[in-house]
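J.: One structure follows; several queries about it will come next.
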Amino acid sequence: MQAKLLGFMNVDFTNKNGERIVGMNIFVAFKDENVHGLKTEKFFLKESVALPEQVKVNDTLEISFNYKGKIESITKA
């Protein structure tokens, strides 16, 4: 899926089960056949799936998902 990066935010907290959650939320916009204009969405990236260093806001990303709908890789398009 191709999407435009609108913003990102580091995440580091402990959930109610005492597990530490570390990663990044990314905010993107992309085409959707059911939306006039662009659809926006927030996705969580685990530490093992990093946003490429050269990527900046307004860049186009290629996002790949696994069969469970979790992001498994991101590259600059």
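The values are calculated or read from the model by the stated rules, or taken from the named source; none is laboratory data. It should be emphasised that the depicted structure is a prediction, and the values quoted were computed from it without experimental measurement. Every residue, glycine as well, gets a Cβ built from its backbone with ideal geometry; the counts of neighbours run over all protein chains shown. These accessible areas exclude ligands, DNA and RNA; they are computed on the full protein's heavy atoms, side chains included. Shrake-Rupley method; radii C 1.70, N 1.55, O 1.52, S 1.80 Å.
J.: Using a 1.4 angstrom probe with every protein chain in place, what is the largest-first accessible-area order of K42, K16, K68, K76? Spell out each step's value before the answer.
T.: Numbers: K42 115, K16 195, K68 140, K76 90 Å².
Putting K42, K16, K68, K76 in descending order of accessible area: K16, K68, K42, K76.
J.: Keeping the other protein chains in place, figure out the carbon and sulfur percent of the accessible area of the stretch 1-40, with a 1.4 Å probe. Please report the intermediate quantities before stating the final value.
T.: Working: 1480 of 3000 Å².
That share works out to 49 percent.
J.: Give the relative contact order (percent, whole number) for the chain; include only Cα pairs under 8 Å separated by 6+ residues. Before the final figure, lay out the partial values.
T.: Working: 148 pairs, mean separation 23.4, N = 77.
30 percent.
J.: So, one more: What's the magnitude of the charge dipole for the chain around its Cα centre, counting Lys and Arg as +1 and Asp and Glu as -1 at the beta-carbon? Answer in Debye, nearest 20.
T.: On the way: 11 positive and 10 negative charges, 27 e Å.
Using Cβ point charges on Lys, Arg, Asp and Glu, the chain gives about 140 debye.
J.: HN-Hα J couplings of the stretch 25-38 from phi, Karplus 6.51/-1.76/1.60, θ = phi - 60°, integer Hz, Gly and Pro as x?
T.: Whole-Hz 3J(HN,Hα) from phi for the stretch 25-38: 9, 10, 10, 10, 10, 8, 6, 9, 4, 9, 10, 7, x, 10.
J.: How large is the charge dipole for the stretch 36-77, taken about the Cα centre, if only the Cβ atoms of Lys, Arg (+1) and Asp, Glu (-1) carry charge, to the nearest 20 debye? Mind showing how you got there, number by number?
T.: Working: 7 positive and 6 negative charges, 34 e Å.
That gives the stretch 36-77 a dipole magnitude of about 160 debye.
J.: For the chain, what does the accessible surface come to per residue with a 1.4 Å probe? Please give it in Å². Could the numbers behind the result be given before it?
T.: Values: 5650 Å² over 77 residues.
Counting only protein heavy atoms, the per-residue value for the chain is 73 Å².
J.: Considering every Cα-Cα pair within the chain, what fraction, in whole percent, is farther apart than 15 Å?
T.: On the way: 1704 of 2926 pairs.
Within the chain, distances greater than 15 Å cover 58 percent of Cα pairs.
J.: Continuing with this model, one more query. Can you find, among L61, V28, G18, the residue farthest towards the positive end of the dipole of the chain? Put +1 on the C-beta of Lys and Arg, -1 on that of Asp and Glu.
T.: Farthest towards the positive pole: G18.
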